[in-house]
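The values are calculated or read from the model by the stated rules, or taken from the named source; none is laboratory data. Everything numeric in this text was worked out from a predicted model, so none of it was measured. Methodologically, a virtual Cβ is constructed for each residue, glycine included, from the backbone with ideal geometry; neighbour enumeration extends over all protein chains shown.
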Amino acid sequence: MDSIVKNVGGTYTRMFMQNLSDVFSDAFSVVDNKVRESFIKLLDTWRTQNVFPSDKNEEIRARLTRVLTSVPPPPMSGVHQQHGLGQAGGSAAPRGMNVVVSSAHQPERSAYGGAPTQDQRLDW
């Protein structure tokens with residue numbers, strides 16, 4: 001998809017944008033931090049190269065913030081666990097990312113236990 005929107009663009013970019021936020025954030029929520037870092041690099045590339053409109057990029061970033069504050073990454077497997085690179089005592093945010101919650105206390109959660117409702121942002 002990345003190659004298509006960068007090299008062909010036009011109709012394909014508009015078509016991919018329709019579900020991009022859902023697909024990107026859903027995939028981000030089920031991968032480990034190493035893959036999440038790759039997602040962030042891709043999103044940064046899209047922003048610097050103006051692949052998608054800035055409002056779409058910001059929408060995706062807002063969704064990733066919600067994922068990072070509500071869904072821990074799945075455990076890493078194999079060599080990552082053997083070398084202590086898994087989640088134990090670590091952050092849910094990939095290296096180089098800092099999740100900032102505006103409240104000094106735990107953020108409120110919706111009545112259904114969903115993502116925090118107070119304002120949050122992701123420092124990129």
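Among the residues of segment 21-52, the one identified as outside any helix (DSSP H, G or I) and free of Cβ contacts under 8 Å to residues at least 12 places away in the same chain is N50.
Considering segment 26-60, the residues that are surrounded by 13 or more Cβ atoms within 10 Å (Cβ to Cβ), β-branched (V, I, T) and under 18 Å from S3 (Cα atoms) include one that is farthest from the chain's Cα centre (by Cα), namely V51.
Matching residues to (1) modelled with pLDDT under 95; (2) assigned to a helix (DSSP H, G or I); (3) surrounded by 11 or more Cβ atoms within 10 Å (Cβ to Cβ):
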| residue | (1), (2), (3) |
| --- | --- |
| Y12 | yes, yes, yes |
| N19 | yes, yes, no |
| L64 | yes, yes, yes |
| T69 | yes, yes, yes |
| Q81 | yes, yes, yes |
| L85 | yes, no, yes |
| A104 | yes, no, no |
| P107 | yes, no, yes |
| A111 | yes, no, no |
